[in-house]
Amino acid sequence: MSGVASGFFIVWAVIGTGYVIGRLGLLGPHGQPVLSKLAFYVASPPLLFTTVAKADISHIFSAPLVVAGVSAWLTMLAYAAVSRFVLHRDASTVVMGAQAAGQVNSANLGIPIALFVLGDASQVAPVMLFQLALNTPLYLTIMDTLTGGERPTVGSVLKTVVTNPLIVGSGLGIASSLTGVTLPDLVMQPVEIVAGAAVPAMLLAFGISLVGSRPLSEPGTRADTLLASGAKVLVHPALALLLAWALGLSGPVLYSAVIMAALPTAQNLYVAAVRYDRATTVCRDTVLVTTVISMVSMAVAAVFLS
């Protein structure tokens, strides 16, 4: 348990440092987006490559992947039913709200939590592969259809998947693990140095993003935000726990599956909401609310499951 507490302390300490940096304005107005892009495009792919290359591939493509996918989609369906038939939202707003209820922050918080709390960054790989390779192309295709945008093709969907830097990093790591081909130390050392920037850049950027945040400030969307936040924080990890039990998972594997499901809503979902001009306030506020609450719920889950 002391290791889990230490892991959460490390994560929160770096996030807090980022918040202080943001409050003082040390990096200027563009500090947060620059750090986020550095982490996403530059440092995270090599981190995933080096991590997955050393991981047990059978773990990534096994029950944890099923738990990640099924628990997320069931949570989204539950949200969609209430949003559509109780709150009477239009279809495209329902889709974006459902994503806020079930899509987790697998990169900016998932990787640090997996590394410092679970002790193995590869634990985030099943969740990341589900979201980036299956869920994201699916919901973007649905939104393009509902909002009258350019109709997606098989080629455009595949291009979205294979050009995602996180998928590229994970894919190369899987290929290295399956084939046994490794890079020479002279090449790996600079790769590992760049990979080392991923976690601090993610957490610092996240801390900066919390400056000036005021969730639930618009009355017209409070019900949607509370519904999505409740589904994300309570329903999603509960479903993951039940599915993990049903599949016979136990010990660290079950613990990891629940912690990954308890992660807060993905930050990049707000970018998609702005793109489609649907549920922008709901997505933004759900990210903020679940970010604070999920850190507590993950710590509680850690107490009972670790």
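The values are calculated or read from the model by the stated rules, or taken from the named source; none is laboratory data. These figures come from a predicted structure and were not determined experimentally. Don't worry about glycine lacking a Cβ; one is built from the backbone with ideal geometry, like all the others, and counts go over all protein chains shown.
Looking only at region 145-160, count every residue that is among the aliphatic types (A, V, I, L, M) and surrounded by 14 or more Cβ atoms within 10 Å (Cβ to Cβ) and tell me the total. Final tally of qualifying residues: 2. Being of a type outside the set (Val, Ile, Thr), surrounded by fewer than 17 Cβ atoms within 10 Å (Cβ to Cβ), free of Cβ contacts under 8 Å to residues at least 40 places away in the same chain and at negative phi is the filter here, so list the residues in region 167-192 that pass it. Selection gives ALA175, LEU183, PRO184, ASP185, LEU186, GLN189, PRO190. Criterion applied to LEU74, LEU65, LEU87 was being surrounded by fewer than 24 Cβ atoms within 10 Å (Cβ to Cβ) and over 18 Å from the mean Cα position of the chain (by Cα), and the one residue passing it is LEU87.
Scoring VAL52 on the criteria (1) touching a Ser or Thr at 6+ places or on another chain (Cβ under 8 Å); (2) farther than 24 Å from GLU192 by Cα; (3) not aromatic (Phe, Trp, Tyr) leaves a single failure, condition (2).
Considering region 250-265, the residues that are in contact (Cβ under 8 Å) with a residue 12 or more places away in the chain and either among the hydroxyl-bearing types (Ser, Thr, Tyr) or touching a Ser or Thr at 6+ places or on another chain (Cβ under 7 Å) (or both) include one that is nearest to HIS59 (Cα to Cα), namely SER256.
Residue selection: ASP120 fails the criterion of being over 20 Å from VAL199 (Cα atoms) and among the charged types (D, E, K, R).
Can you name the residue in region 13-55 that is of a type in the set (D, E, K, R) and touching a residue at least 24 places away in the same chain (Cβ under 8 Å) and, of all such residues, is farthest from PRO200 (Cα to Cα)? Walk me through how you get there before you give the answer.
To start, the set of residues in region 13-55 that are of a type in the set (D, E, K, R) comprises 23, 37, 54.
Next, only the ones that are touching a residue at least 24 places away in the same chain (Cβ under 8 Å) stay: 23, 54.
Details: ARG23: 18, LYS54: 22 Å.
Among residues in region 13-55 that are of a type in the set (D, E, K, R) and touching a residue at least 24 places away in the same chain (Cβ under 8 Å), the one farthest from PRO200 (Cα to Cα) is LYS54.
Take region 1-31 and flag every residue that is modelled with pLDDT under 85, small (Gly, Ala, Ser) and surrounded by fewer than 12 Cβ atoms within 10 Å (Cβ to Cβ). Passing the criteria: only SER2. Checked against (1) surrounded by fewer than 22 Cβ atoms within 10 Å (Cβ to Cβ); (2) in contact with a helix residue (DSSP H, G or I) (Cβ under 8 Å, 6 or more places away or on another chain); (3) of a type in the set (Ser, Thr, Tyr); (4) under 30 Å from THR93 (Cβ atoms), THR163 passes all but condition (2). At least 1 residues being touching a Lys or Arg at 6+ places or on another chain (Cβ under 8 Å) is the threshold, and among the helices (runs of 4 or more DSSP H) wholly inside region 197-306 those reaching it are 222-230, 269-276, 280-305.
When SER83 is tested against (1) modelled with pLDDT of 95 or more; (2) within 16 Å of PRO264 (Cα to Cα), exactly one condition is not met: (2). The residues on offer are TYR255, TYR270, and the sole one that is touching a Cys at 6+ places or on another chain (Cβ under 9 Å) and among the aromatic types (Phe, Trp, Tyr) is TYR270.
The residue list VAL52, VAL34, VAL42 contains one member that is in a helix (DSSP H, G or I), buried (at least 20 other Cβ atoms within 10 Å of the Cβ), under 20 Å from the mean Cα position of the chain (by Cα) and among the β-branched types (Val, Ile, Thr), which is VAL52.
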